[in-house]
Ligand SMILES: *Cc1c(COP(=O)(O)O)cnc(C)c1O
């Protein structure tokens, strides 16, 4: 049986997608070979790759003047690729700091440019929150403004897209496709695939065309967005199987009714879990209500000595990977698109039973 998997990443994939991949693994569409064994330049593979892009464009309503790139190296390589691509003419950028991932991004960017760090973390009634935009020291002449839509480790998410004078560049690794997004508000959106898209090994970049001509001359060609765009993300061999599997996830999402439909399910899941945590004296969530992530829900137990027992019993109940990030401890339930409402209900039932037995 398949357990409910609350892993932060690599994360749960829809069972229907894995079944489709399984059915096709030895003999893809009667061609006598696996998609993994095909040239990335073959007609069959190129059709798979193009269909994945077309479906993603449909799901996110991506305008024509944005390029969609299917790259490698994870979101972490984008922390370098972004300044190398976008700071060739103007070396200044604003980085909004809200947690561990935005900090990693800005540390890397500091190696390449003149980075203005905008401290945006704050506390409201003892809970972590994102400070009101009126308090941010954004600069007047930045090439771009970088922020992390959803801080996966902290469970802290922007309530709305921040306003800025420069193009917004946003890390959507753990929130892409979870809720509708107006792509035209961004210069660039990027995401590692292994949270809410597909398997690890693929990184999505959605970038506005007018930003493509300002790369630093020393940039490695593999990292150069304009080269990748010109070569349909095939400057070298792309991550073919991850790209194919992500395409199956896009098809699955379209069958679910698209991003708006899955967003409704995601809100129901998040409301169920936060609602239960708020109603309990045994569990607590450290984030101010308006900045709670709908994808990653950290929570603590009133008695931290019970954490090991909680995790052990959860696993016995087929509820996997609930330990918080090693840097923060506690618990964390990642409830990405592929985790169904029944999974969150099973988690809440278990949490309630555990609390009653250990209060
Ligand atoms: C997981 C994650 C990353 C790092 O992704 P890699 O693909 O491992 O490099 C970066 N940013 C956010 C918001 C993440 O959740």
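Bear in mind that the values in this text are calculations on the coordinates, not laboratory data. Everything numeric here is computed off the predicted structure, so don't read it as measured data. Note that we place each Cβ from the backbone using ideal geometry, even for glycine, and neighbour counts take in every protein chain shown.
Things to note:
- When only Cα pairs below 8 angstrom with a gap of at least 6 residues are kept, the stretch 101-176 shows a relative contact order of 28 percent.
- The label-point distance for residue 160 and residue 140, in a model that sets each label 7 Å from Cα toward Cβ, rounds to 2.6 nm.
- Across the chain, the relative contact order, built from alpha-carbon pairs under 8 Å that are at least six residues apart, equals 23 percent.
- Nitroxide proxy distance, nm - points 7 Å out along Cα→Cβ at residue 359 and residue 272: 2.2
- Full-extension gain in nm, residue 15 to residue 124, via 0.36 nm per residue minus C-alpha separation: 35.3 nm
- Residue-span extension gain [residue 25 to residue 325] - 0.36 nm each, minus C-alpha spacing: 104.7 nm
- Gap separating the Cα centres of the stretch 281-339 and the stretch 98-127, nearest whole Å: 24
- Computed [θ] at 222 nm, deg cm²/dmol, the chain (DSSP H ≥ 4; -39,500 (n - 2.57); rounded to nearest 500): -11000 deg cm²/dmol
- Going by neighbour counts of Cβ atoms within 10 Å, the residues 255, 218, 108, 103 line up, fewest first, as 218, 255, 103, 108.
- The calculated FRET efficiency for residue 92 paired with residue 182, based on their beta-carbon distance and R0 = 30 Å, is about 0.70.
- Gain in span if fully extended, residue 261 to residue 107, counting 0.36 nm per residue against the direct Cα distance: 51.8 nm
- Only Cα pairs under 8 Å and 6+ residues apart enter the sum, and on that basis the relative contact order of the stretch 201-359 stands at 18 percent.
- Look at where the Cα atoms of the stretch 1-80 and of the stretch 198-215 average out, and the two centres are 16 Å apart.
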